[in-house]
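Each remark here refers to the structure printed beneath this line.
The values are calculated or read from the model by the stated rules, or taken from the named source; none is laboratory data. Remember, it's a predicted structure, so these values are computed and weren't measured experimentally. Using ideal geometry, Cβ is built from the backbone for each residue, glycine included, and neighbour counts are taken over all protein chains shown. To get the accessible areas, we keep the full protein, side chains included, count just its heavy atoms, and leave off ligands, DNA and RNA. Shrake-Rupley method; radii C 1.70, N 1.55, O 1.52, S 1.80 Å.
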Amino acid sequence: MSLNEEVELLKNIPIFAKIEPSKLKLLAFTSERLNYADGQVLFNQGDSGDAAYIIIDGTASVLIDTDDGKIEVAQLSKGDIVGEIAILCDVPRTATVQAKQSLTTLKIAKEAFFRLVTDFPQIAVEIMRELAARLEQTNMRLRAALSDKDG
């Protein structure tokens, strides 16, 4: 994938949609492209957050540790961003992310991510929207699980 193709991909991600192409080109240029094989882990729950990842191609599982082992709480695919919670909130990783099939990501270092958020406050608003949507999905799943348990 060329730099211009990476810029096009970034433009189609809601949090980056309103950023000028020259800034996206710089972001793509300063980011690291990483490939993962099926089953390979991007990061583990509890790790410190040093970067966010954008899925360029493939799928990944979001797994959380429970007393009964890891459970999948979400799947990620092209255009999804993951890992931003740990760097924004300065907390350990809240989940493990593992490749399904082969996976290609763009790894955005914490400093570059913060620079973007500082330069473009709209990104922060879009991230809040994304996190609110994830929270609502989690709440729906929790309510469903609790009603199944009670029923």
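Starting from the stretch 49-76, keep only residues that are part of a strand (DSSP E or B) and modelled with pLDDT of 90 or more, then list their pairs with residues that are surrounded by 17 or more Cβ atoms within 10 Å (Cβ to Cβ) and of a type in the set (Asp, Glu) whose Cβ atoms are within a distance under 6 Å, requiring at least 6 positions of separation or different chains. Sorted first by the residue in the stretch 49-76, then by its partner, the pairs are Ala52/Glu84; Ile55/Asp80. Each residue in the stretch 103-151 was checked for being among the hydroxyl-bearing types (Ser, Thr, Tyr), free of Cβ contacts under 8 Å to residues at least 24 places away in the same chain and farther than 20 Å from Lys23 by Cβ, and 1 of them qualify. Scanning the stretch 1-48 for residues that are in contact (Cβ under 8 Å) with a residue 60 or more places away in the chain, within 25 Å of Gln98 (Cα to Cα), open to solvent by 90 Å² or more (accessible area, probe 1.4 Å) and charged (D, E, K, R) yields Glu32, Asp38.
Each residue in the stretch 8-42 was checked for being at negative phi and not in a helix (DSSP H, G or I), and 17 pass. Please count how many residues of the stretch 56-84 are of a type outside the set (Asp, Glu), surrounded by fewer than 13 Cβ atoms within 10 Å (Cβ to Cβ) and more than 18 Å from Leu135 (Cα to Cα). Qualifying residue count, the stretch 56-84: 3. Filtered by the rule that a residue be over 18 Å from the mean Cα position of the chain (by Cα), among the aliphatic types (A, V, I, L, M) and either open to solvent by 80 Å² or more (accessible area, probe 1.4 Å) or at positive phi (or both), the stretch 120-151 gives Met140, Leu142, Leu146. Only one entry of Gln137, Gln122 meets the criterion of being within 17 Å of Leu24 (Cβ to Cβ), part of a helix (DSSP H, G or I) and at pLDDT below 90, and that entry is Gln122.
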